[in-house]
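The values are calculated or read from the model by the stated rules, or taken from the named source; none is laboratory data. Owing to the predicted nature of the structure, the values given are computational and were not obtained by experimental measurement. We place every Cβ from the backbone using ideal geometry, glycine too, and count neighbours over all the protein chains shown.
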Amino acid sequence: MGFRVQVLKTVEVSKWFIGIAYNIDEDSIGAILLGEDSLLNAGDEVERTGRVMDIPVDNALIGRVINPLGEPVDGKGSFSFKQRCLLSDLLLL
């Protein structure tokens with residue numbers, strides 16, 4: 001079949017979810033979904049984003065709690081950040 005997605009690249013599922021491709025076989029792709037999965041349905045369309053998964057890294061994050069998408073979940077309001085780091089770079093540490 002020949003998929004054109006690479007490991008650690010992000011995928012978008014039905015315009016609702018972001019995922020990280022992690023297991024690419026000849027006829028299937030495994031992905032880690034980031035976000036609420038209650039709206040996910042069998043047969044949902046998946047598209048490549050062409051981006052490598054990255055996360056915010058900045059002093060604004062010190063003492064904050066964020067979800068895997070970099071969104072605050074600690075009730076302290078939004079924040080801004082100036083830097084992002086590729087997930088692949090963090091895996092090499």
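Identify all residues within the range 28-75 that are under 13 Å from the mean Cα position of the chain (by Cα), of a type in the set (D, E, K, R) and over 21 Å from VAL7 (Cβ atoms); write none if there are none. Once the filter is applied, which keeps residues that are under 13 Å from the mean Cα position of the chain (by Cα), of a type in the set (D, E, K, R) and over 21 Å from VAL7 (Cβ atoms), the range 28-75 yields GLU36, GLU71. Answer yes if at least one residue in the range 17-38 is touching a residue at least 40 places away in the same chain (Cβ under 8 Å) and outside any loop (DSSP other than H, G, I, E, B), and no otherwise. Checked against the condition, which is being touching a residue at least 40 places away in the same chain (Cβ under 8 Å) and outside any loop (DSSP other than H, G, I, E, B), the range 17-38 yields at least one hit.
Annotation: of all residues in the range 43-93 being β-branched (Val, Ile, Thr) and touching a residue at least 12 places away in the same chain (Cβ under 8 Å), the one that is farthest from GLY30 (Cα to Cα) is VAL57.
Only a single item in (1) assigned to a loop (DSSP other than H, G, I, E, B); (2) at pLDDT 80 or above; (3) not charged (D, E, K, R) is not met by LEU69, and it is number (2).
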